[in-house]
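Asks: Just dropping this structure here.
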Amino acid sequence: MKLVRIPADQLDKVWSLIEKDIKDALAFSGNLTSSSFVLEKSKENKFQVWVLWDKDKKTTREKYFGVVVTELIKRELGKVCHIYIMTGRQRHKWQFLIKDIEQFAKDEDCLMMELIARPGWKRILNNFDYKMTHVVLEKKLIKEKIWVLEEDHQVVINKQFKV
């Protein structure tokens, strides 16, 4: 099993394989970003896309285990590597590959790793020396939304505004 970084100019070749997992992850986290946004930012090298891949399997579907999307964020006093999406099947077979993302982050002069994740990741990542330093609290402010499809982008519009 390997973690393979997909070059920005090769994303279209793998997008049909990974898009569903990206959409599912985004849906679980509130649907405030579309998969097309992730693709666009990845092509601009603002996000990095990684595929969890087992080359010893027979078919493409069997070889593919999941996807990770990272973002390098420059802050005033240092750079961090933020894991934006990390999802896949049979996590126990690939979770140790976080060390490869950490090495990438070190090579990019990042001072730390960070991610916002579901509670179950805390137990898993504790094994890799990750510590919970904050809690994310959310409150939905808009209860009713209209989803409009514009140029393959989902747009959230509050019902109180006239379109």
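Readers should treat all values here as calculations from the given coordinates under stated rules, not as data from a laboratory. This structure is a prediction, so every number in the text was calculated from the model and none was measured. Here Cβ is always computed from backbone atoms with ideal geometry, including for glycine, and neighbour counts include all displayed protein chains.
Asks: Please give the length that would be gained between residue 9 and residue 43 if that part of the chain were fully extended, namely 0.36 nm times their separation in residues minus their C-alpha to C-alpha distance (nm, one decimal).
Replies: Gain in length upon complete extension: 11.6 nm.
Asks: Here's another thing I want to ask about it. Place the peptides 133-140, 106-113 in order of packing, highest mean first, counting for every residue the other Cβ atoms within 10 Å and averaging per peptide.
Replies: Highest to lowest by the protection proxy: 106-113, 133-140.
Asks: Taking 1 over the mean of 1/r across every pair of different Cα atoms in the chain, what Kirkwood radius in Å do you get?
Replies: Result for the chain stands at 17.4 Å.
Asks: Between the DSSP loop rule and a limit of at most 14 other Cβ atoms within 10 Å, which trypsin sites (Lys or Arg not before Pro) in the stretch 1-79 are left?
Replies: Those satisfying the criteria are 46, 55, 57, 58.
Asks: Ok, one more. Taking R0 as 25 Å, what FRET efficiency do you get between residue 116 and residue 17 from their Cβ-Cβ distance, rounded to the nearest 0.05?
Replies: Once rounded, the FRET efficiency stands at 0.50.
Asks: Here's something else I'd like to know. Indicate, rounded to the nearest 5 percent, the antiparallel portion of the DSSP beta bridges found entirely in the chain.
Replies: Looking only at bridges with both residues in the chain, the antiparallel portion is about 85 percent.
Asks: How large is ³J(HN,Hα) for each residue in the stretch 8-22, as worked out from phi by the Karplus curve 6.51 cos²θ - 1.76 cosθ + 1.60 (θ = phi - 60°), to whole Hz, x for Gly and Pro?
Replies: 3, 7, 10, 4, 4, 6, 10, 4, 5, 6, 9, 4, 4, 5, 5
Asks: Starting at the first residue of the stretch 67-76, write each ³J(HN,Hα) from the Karplus equation 6.51 cos²θ - 1.76 cosθ + 1.60 with θ = phi - 60°, in whole Hz, x for Gly and Pro.
Replies: Result, rounded to whole Hz: 9, 10, 10, 10, 9, 8, 10, 8, 10, 3.
Asks: Quick check: the distance between the Cα centres of the stretch 53-80 and the stretch 93-108, to the nearest angstrom?
Replies: Cα centroid to Cα centroid, the span is 9 Å.
Asks: Relative to the present Cα-Cα distance, how much length would full extension add between residue 129 and residue 75 at 0.36 nm per residue of separation?
Replies: My answer for the length gained is 17.2 nm.
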